[in-house]
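K.L.:
Encoded as structure tokens, here's the structure I'll be asking about.
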Amino acid sequence: MIRVTVAHDVDLLRSALEALLRAEPSFEVTAVHCRNWHREAVALRSDVAVLDCQSSGAAAALEAFGRSRPHTGRVGELLVLVPTGRPRLLLKACDAGARAFVDRDGDAGTLVKAIRTLAEGERFVDDSLALDFLRAKDMPLSARELTVLSLTADGQATSDIARILNLSIGTVRNYLAAATRKVNARNRMDAIRLCRQYGWI
């Protein structure tokens with residue numbers, strides 16, 4: 001049996017994913033809310049944890065997975081569902097240690113195949129995400145620079161970003177300046193425009 005833990009914040013989608021995967025005779029499936037995902041996956045000794053990167057709790061779940069990687073007792077392997085055109089999400093999932101990447105708008109058969117492949121110890125990348133991986137590879141910004149720029153794009157003030165990320169205001173400004181320079185933008189608003197154009201934020 002392959003022990004699978006599915007995480008999603010939306011009850012309907014979580015139930016749909018659970019029902020889909022339970023139809024597979026060799027899958028033992030548990031569906032949980034994102035806020036409980038990491039704790040439940042560890043307790044259940046999951047072979048594969050499935051996380052929708054567009055869930056509202058996905059960012060925190062990825063951080064929890066990334067922090068647990070050096071330690072024993074973590075979830076087995078991480079599979080993420082990612083929409084096309086969002087290379088930044090791929091980058092964050094890669095940084096957290098995900099080893100399987102499936103187009104969240106693709107067919108159910110691909111998800112099942114990816115779970116089986118991952119459970120056998122192999123990586124899996126959905127063909128439809130190949131271009132996004134190339135874009136993510138070419139992205140010049142660090143994960144922290146992207147986070148700061150994304151929060152700025154969301155309308156957060158520099159002081160608020162500093163508080164959210166537990167940084168000094170000067171450090172936040174340095175990240176913004178570095179991001180602006182790396183994408184050859186005129187200012188931070190131009191940097192946001194360029195990063196949105198490439199799907200990085």
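The values are calculated or read from the model by the stated rules, or taken from the named source; none is laboratory data. Please read all numbers here as calculations on a predicted model, not as lab measurements. Every residue, glycine among them, receives a Cβ derived from its backbone with ideal geometry; neighbour counts consider all protein chains shown. For accessibility, only protein heavy atoms count, side chains too; no ligands or nucleic acids. Shrake-Rupley method; radii C 1.70, N 1.55, O 1.52, S 1.80 Å.
K.L.:
Taking 0.36 nm per residue of sequence separation and subtracting the Cα-Cα distance, how much length would be gained by fully extending the chain between A143 and A16, in nm to one decimal? Write down the numbers at each step before the final one.
P.N.:
On the way: separation 127, 0.36 × 127 = 45.72 nm, distance 3.18 nm.
Stretched out fully, the A143 to A16 stretch lengthens by 42.5 nm.
K.L.:
Can you give the alpha-carbon Rg of the chain over 2.2 N^0.38 Å, where N counts its residues? Walk me through the numbers on the way to the answer.
P.N.:
Details: Rg = 17.8 Å, N = 201, 2.2 N^0.38 = 16.5 Å.
Normalised Cα radius of gyration, the chain: 1.08.
K.L.:
Okay, next question. What number, in percent, do you get for the relative contact order of the chain if the mean sequence gap of Cα pairs under 8 Å and at least 6 apart is divided by its residue count?
P.N.:
Working: 315 pairs, mean separation 30.7, N = 201.
RCO, the chain: 15 percent.
K.L.:
Once both axes come from the Cα atoms, what is the angle between helix 58-68 and the longest principal axis of the chain, in degrees from 0 to 90, rounded to 10?
P.N.:
Its long axis makes an angle of about 80 degrees.
K.L.:
Follow-up. What's the carbon and sulfur percent of the chain's accessible surface, probe 1.4 angstrom, rounded to a whole number?
P.N.:
Working: 4920 of 10130 Å².
Result for the chain: 49 percent of the exposed heavy-atom area is carbon or sulfur.
K.L.:
Quick one: how many Å² of M189 are accessible to a 1.4 Å probe, rounded to 10?
P.N.:
About 120 Å², ignoring ligands and nucleic acids.
K.L.:
If you don't mind, another one. Taking a temperature of 10 °C and a viscosity of 1.306 mPa s, what whole-number D in µm²/s does Stokes-Einstein yield for segment 87-170 with Rh from Kirkwood over alpha carbon pairs? Don't skip to the answer; put the middle values down first.
P.N.:
Values: Rh = 14.8 Å.
Estimated diffusion coefficient is 107 µm²/s.
K.L.:
Let me ask something else about it. Pairs of Cα atoms under 8 Å, at least six residues apart: use those to get the relative contact order of segment 133-201, whole percent. Please list the in-between numbers first.
P.N.:
Numbers: 59 pairs, mean separation 23.6, N = 69.
This gives 34 percent for segment 133-201.
K.L.:
May I pose another question? In what sequence, largest accessible area first, do Y175, Y198 appear using a 1.4 Å probe?
P.N.:
Y198, Y175
K.L.:
Tell me the label-point distance for the pair L131, T110, using the 7 Å Cα-to-Cβ offset, in nm and rounded to one decimal.
P.N.:
Those two pseudo-labels are separated by 1.3 nm.
K.L.:
Per Stokes-Einstein, at 4 °C and 1.567 mPa s, what whole-number D in µm² s⁻¹ belongs to segment 129-200, with the Kirkwood radius over Cα pairs as the hydrodynamic radius?
P.N.:
Working: Rh = 12.4 Å.
Value of D from the Cα-based Kirkwood radius: 105 µm²/s.
K.L.:
For the chain, give the magnitude of the charge dipole about the Cα centre (Cβ charges: +1 Lys/Arg, -1 Asp/Glu; no others), in debye to the nearest 20. Don't jump to the answer; show the numbers that get you there.
P.N.:
Working: 28 positive and 24 negative charges, 189 e Å.
Dipole magnitude for the chain comes out near 900 debye.
K.L.:
Only loop residues by DSSP count here, and only those with at most 13 other Cβ atoms within 10 Å; note down the GluC sites (Glu not before Pro) in segment 77-182 that meet that. Mind showing how you got there, number by number?
P.N.:
On the way: sites: E77, E120, E122, E145; in loops: E120, E122.
Here the GluC sites (Glu not before Pro) that fit, given the DSSP loop and packing criteria, are E120, E122.
K.L.:
Something else: Provide the per residue accessible area, probe 1.4 Å, for segment 80-201, rounded to a whole number of square angstrom. Don't jump to the answer; show the numbers that get you there.
P.N.:
Values: 6200 Å² over 122 residues.
Accessible area per residue, segment 80-201: 51 Å².
K.L.:
How much space per residue, in cubic angstrom, does the convex hull of the C-alpha atoms of segment 109-148 take up?
P.N.:
Values: hull volume 4.1 nm³, N = 40.
Roughly 102 Å³ of hull volume per residue.
K.L.:
Spin-label point model (7 Å from Cα, Cβ direction): what's the Q197 to D160 distance in nm?
P.N.:
Between Q197 and D160, the label points sit 2.7 nm apart.
K.L.:
Tell me, what is the 1.4 Å probe accessible area of T117, in Å² to the nearest 10?
P.N.:
Result for T117: roughly 30 Å² accessible.
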